[in-house]
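Engineer: Starting off with a structure, shown below.
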Amino acid sequence: MPWSRSALAAALLVATPAAAQQLTADEAARVDTIVADALKSSGAPSASVAIVRDGKIVFAKAYGDQGPGMKATSPAAKYQIASISKQFTAAAILLLEDEGKLGLDDKVSKWVPDITGADRISVRQLLSHTAGIQDYWPQDYDFAAMQKPVTPQQILDRWAKKPLDFEPGSAWQYSNTGYVVAGLIIEKASGMKLLDYLQKKIFKPLGIDAMDQDYAVGKGFPQGNHRFALGPVRAARPAAHGWLWAAGELAMSASDLAKWDIARIDRKILSPEDWATQETAIKLTNGTDTHYGLGVSVGNRAGDRTVEHGGEAVGFLSDNFVMPEKRFAVVALVNADFGGAQDAITGGITDLLHPLPPPVPVISTDLYRDQLARKLFDQLRTGTLDRSQLTEDASYYFTAQATGDYYTSLFALGDPVSFTPRGKPRLRGGFVNRNYDIVYADGRKLIAITYAEPDFHGKFEQFLIQPRD
C-alpha cells in the first residue's frame, strides 16, 4: 500500500527503549538519515533495522508504514526473511552431522533417491549451490503456480527430476530446489518437522521468536508490497503455502536475526568447527572460488572477513551482513520486493560505523617513471646520487668525475621551473627510452635522455643531461 510522508515522519520516532542509546546521538541520527533516504529513494514503505556492535545489539528501530495489519510501527514486527533462512537450514544439517545422523559428503540418494543425479550429488553440494539441480524460482516475481499450495515433493517432482544443469561440483548456480531437498533430508535424519527441529536446536536456546513465514500475514504482520516500474506501491498477494519452505521458510524481527548473528560472532549453538565450515567458500572442481559457503556468501571488506546473505519473498526484501572478527552485524528488513533499500541501509550503516580507509591512489607506469626521473635528476644536481636506482652499466658511467661534473654544473642553476616528458616512451635495445625537457627561470633549457628497464620498478640504464636549443 502507498505510504505517506507523515506516516514516515511519525515512525522515525519509534524505537526500542535504551537500545539505540548505545550509539552516540550523532551516529543514531545518521542511521535515521540513511534509512529515511533509502526508503524515500526506493519507495519502500517501511524498514526494520538492528545493529550489533561489540557482539551486542545496540540499536533496533522500525521506520515507515508497516501496513494495515499493524497497530503501530514496531521493531518487534516479524518480516519474511526468505533466503536468509538458508543459513539456518544449513546449520541444521551441520548439527545433524554432529549428532552422527548424516554426513556432509553423503550422497543424496541415501535420503532422497528419486531425483536426477541423486547418486552423484552430495549434501554439501546441495547447501553450496553446486549440485546442478535446476532452480524452481529464478524469477523476481511470483509466477502463476505460486497461487496454489505446494508440497516439497511436488517441487521436486517438477524441477528436481529434470536433467542436471551441470555435473555436480563443476559450476555454481543458485538453486532453491537444492534447499528443498536439504529440508527433506533434515526431516528424515532427525525424525522431526524442519521448523520443529530449528525451534528445538537453535531458536529456543537463543531466545529467537521465529515462525513459518507462510503464516506471517494479515493482522499483526507487515504488509508486503510490489511496484511495477515507477508506478504506485501496491499491496502484494502472498504466495500460497509451501513455496519457500526450507529455501526461505522463516519470518522474524530484525533483532531476532541479530541474535543469530551474535551466536555466529560468539561461536555459540554450532561448534567453532561447524561455523568455520559454513563460512568456508566452496571451490569448484576446476579450483574456481565460488565465494559461497553453506547458506552464506563469504567475502572481504578492506581486509575484514564478511558473511552475508539476502532474502526475497513476495513483497519483502532483506539483508543480513556480518563481520565476525569486528563483532559487528547489521540487519535490514523491508516490506517491498523492489528498490534495494535493504542493501542501501546495510551498506550505509556499515560505512558509517566501519568506514573504509581512503583508497590508495593508482599511479600509472609512465607517471611513476616520470617521478623517478625527476628524483634522480635532483639527486645528480645536489650530489646525492642513489646508485640502487642504476643498472651496473649506468653505475659504471657515473664515475666520481662524472658525478662531480653533474653536481657542479647543475647545482649552480638552482631549481628548474619545469621538468616535463618530451614525446612518448619508446622501446630500444630492451630498454624504455623516455626524454624530458628541463626549463629554468632564466630561459635556459636542458634535455634529459633516459633509458630504463621496462618493468614498473626498473633501474635506469642511462641518464644523460645535455643542453637544448
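Every read-out reported here was derived from the displayed coordinates using simple, explicitly stated rules and does not represent laboratory data. Computed from a prediction, not measured in an experiment: that's the story for all the values here. Every residue, glycine among them, receives a Cβ derived from its backbone with ideal geometry; neighbour counts consider all protein chains shown.
Engineer: By count of other Cβ within 10 Å, fewest leading, how are 457, 129 ordered?
Structural biologist: Arranged by neighbour count, lowest to highest, 457, 129 become 457, 129.
Engineer: Between 0 and 90 degrees, rounded to the nearest ten: what's the tilt of helix 254-266 against the longest Cα principal axis of the chain?
Structural biologist: 60
Engineer: What do you get for the angle between helix 25-42 and the principal long axis of the chain? Use alpha-carbon atoms, 0 to 90 degrees, nearest ten.
Structural biologist: That works out to roughly 80 degrees.
Engineer: May I pose another question? Listed highest first by mean packing, meaning other Cβ atoms within 10 Å per residue, what order do 29-36, 307-314 come in?
Structural biologist: Highest-to-lowest ranking by the protection proxy: 307-314, 29-36.
Engineer: Could you sort the peptides 384-392, 189-197 by per-residue average Cβ neighbour count (10 Å cutoff), highest mean leading?
Structural biologist: Working: 384-392: 13.9, 189-197: 17.0.
Ranked by mean Cβ neighbours within 10 Å, highest first: 189-197, 384-392.
Engineer: Would you please classify the overall shape of segment 189-264 from the alpha carbon gyration tensor, given that a ≥ b ≥ c denote the square roots of the eigenvalues, rounded means a/c under 1.5, and beyond that prolate means a/b larger than b/c while oblate covers the rest?
Structural biologist: Cα axes put segment 189-264 in the prolate bin.
Engineer: Over 32 Å between Cα atoms, which of 86/110; 101/161; 40/283; 40/201; 162/201; 110/204 qualify?
Structural biologist: Those over the limit are 40/283; 40/201; 162/201.
Engineer: For the chain, give the magnitude of the charge dipole about the Cα centre (Cβ charges: +1 Lys/Arg, -1 Asp/Glu; no others), in debye to the nearest 20.
Structural biologist: Dipole size: approximately 600 debye.
Engineer: OK, next. Between segment 171-241 and segment 356-405, how far is it from one alpha carbon centroid to the other, in angstrom?
Structural biologist: With segment 171-241 and segment 356-405 each reduced to a Cα centre, they are spaced 64 Å.
Engineer: I need the phi-derived Karplus couplings for segment 440-447: 6.51 cos²θ - 1.76 cosθ + 1.60, θ = phi - 60°, integer Hz, Gly and Pro marked x.
Structural biologist: Along segment 440-447, the couplings run 10, 4, 7, x, 4, 10, 10, 10 Hz.
Engineer: By its C-alpha gyration tensor, with a ≥ b ≥ c as the square roots of the eigenvalues, how is segment 365-467 shaped: rounded for a/c under 1.5, else prolate for a/b larger than b/c, else oblate?
Structural biologist: Here segment 365-467 falls in the oblate category.
Engineer: Only one of the listed values, [x] 7; [y] 11; [z] 36, was derived from the coordinates as percent of Cα pairs over 44 Å apart; which label is it?
Structural biologist: From the options [x] 7; [y] 11; [z] 36, the structure gives [z].
Engineer: Next up: Helix 341-353 versus the longest principal axis of the chain: what is the Cα-based angle in degrees, 0 to 90, to the nearest 10?
Structural biologist: 50
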